[in-house]
Amino acid sequence: MSNSFDPCRSLSRRQALMGLGAGVMLSAAPAYGAGARGLTLQLGWVAGGNQLGELVARQRGYFQQENVDLRIVPGGPNNDGVAAVASGSADMGQVTSSPSLMLAASEDLPVRAFAVLTRRHPYAFFSLPQNPVRRPADFIGKRIGVPATARVLVSAMLNRNGIARKDVDVVTIGSDMMPLLNGQIDAVSGWVNNRAALRVLGSGVVTLKLWDCGVRLYGIPYYTTPDMLARHSDVLAAFLRASARGWAYAYRNRAEAVDILVSTFPALTVADERAAADVLLDYVFDGETRVSGFGSMNAARWQEQIDLYDSLDQFTNRVPKAEDVMTMRILDDTAGMRPCLG
């Protein structure tokens, strides 16, 4: 018998009791206790479906139970979330992809990932059935449309698969899928959970996931500063416990979770967000979370990503090490208290 600690079989009595009491949270959330700790979560994008679990946790009182008063601050194209967290303007943040934190560490910005929302990056290339791209070799001789920020992902994919950059025409486009439909490009990239954008491509769209091309990046990591880790690791652990419960509730109660999301952001539509949630939640909870729990990551995977970006000459200052980019402290502190679903 193994003596190794299994966080998914060592659930604490406290977590079990909290789960039993969850049903009373629908009608009224408890008030914050004296000395509640305010926490600011700085996003790297406009708030929406990627905050499904946090919104559910707030609605159901999970943050209140942890005495954490969470404020979510949306980002956008003119808002550098990493700089805001590094400067202390926000306590913690989320970015779309792990490389953002690797590049920040390379420039000596004080940020550390302490958990990830998805262990597989939900990014992919989309093509039409009459001109499909089903494997990396199919990109040769093709014209790919990608946002400017994603060009490095194409470079990583080509590098990983031994395809010369000159053999693929990469053009910069926005988020509009029309260039694919009108034949201007042969493939387009985007997030697999962006169902509103993908709907125009029809049900026959061919999807080639970045992960399946050998580019194994983390998606939507949570990060903070070494100072926060040193002084307030207990508050970060409380946040992660509550957030994990919110995501687990959303996983099991998807329609209700989407109703909470759309009531928070009325510009969203239930049908699109339900379709998006079904995709995203299967990324949030996968085979690894079934073993290691919500938010899990490891140093070896981070080092693999650093080595990949180093091979692409992406680090202009210095090449960071895994310990410069991430910490296991909060995951260790919450072992046995993060849902193991997948």
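Scanning region 116-164 for residues that are assigned to a helix (DSSP H, G or I), among the small types (Gly, Ala, Ser) and more than 27 Å from ASP282 (Cβ to Cβ) gives ALA137, ALA148, SER155. Scanning region 96-133 for residues that are open to solvent by less than 10 Å² (accessible area, probe 1.4 Å) and of a type in the set (D, E, K, R) returns a single hit, ARG119.
Does SER175 meet the test of being hydroxyl-bearing (Ser, Thr, Tyr) and either assigned to a loop (DSSP other than H, G, I, E, B) or open to solvent by 60 Å² or more (accessible area, probe 1.4 Å) (or both)? Yes, satisfied. In this structure, is SER296 at pLDDT 95 or above, among the hydroxyl-bearing types (Ser, Thr, Tyr) and not in a helix (DSSP H, G or I)? Yes, satisfied.
Scan region 75-95 for residues that are open to solvent by less than 10 Å² (accessible area, probe 1.4 Å) and either assigned to a strand (DSSP E or B) or of a type in the set (D, E, K, R) (or both) and the total you get is 3.
Each row is one residue, and each column tells you yes or no for (1) under 19 Å from the mean Cα position of the chain (by Cα); (2) closer than 27 Å to GLY214 by Cβ; (3) open to solvent by 40 Å² or more (accessible area, probe 1.4 Å).
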{"site": "GLY295", "(1), (2), (3)": "yes, yes, no"}
{"site": "ASP307", "(1), (2), (3)": "no, yes, yes"}
{"site": "ASP310", "(1), (2), (3)": "no, yes, yes"}
{"site": "ASP313", "(1), (2), (3)": "no, yes, yes"}
{"site": "PRO320", "(1), (2), (3)": "no, yes, no"}
{"site": "MET328", "(1), (2), (3)": "yes, yes, yes"}
{"site": "ASP333", "(1), (2), (3)": "no, no, yes"}
{"site": "ARG338", "(1), (2), (3)": "yes, no, no"}
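Within region 224-242, residues that are open to solvent by 10 Å² or more (accessible area, probe 1.4 Å) have Cβ atoms under 6 Å from residues that are at pLDDT below 95 and not in a helix (DSSP H, G or I) in these pairs: VAL235/ARG37, counting only partners at least 6 apart in sequence or on another chain. Among the conditions (1) closer than 25 Å to ALA115 by Cα; (2) touching a Ser or Thr at 6+ places or on another chain (Cβ under 8 Å); (3) of a type in the set (Val, Ile, Thr); (4) part of a helix (DSSP H, G or I), the only one that ILE220 does not satisfy is (4).
Of note, ARG165 satisfies the criterion of being open to solvent by 50 Å² or more (accessible area, probe 1.4 Å) and farther than 21 Å from ARG301 by Cβ.
The values are calculated or read from the model by the stated rules, or taken from the named source; none is laboratory data. Please read these numbers as outputs of a predicted model, since none were measured by experiment. Ideal geometry is used to build each Cβ from the backbone, glycine not excepted, and the neighbour counts take in all protein chains shown. Note: areas computed on protein heavy atoms with side chains; ligands, DNA, RNA excluded. Shrake-Rupley method; radii C 1.70, N 1.55, O 1.52, S 1.80 Å.
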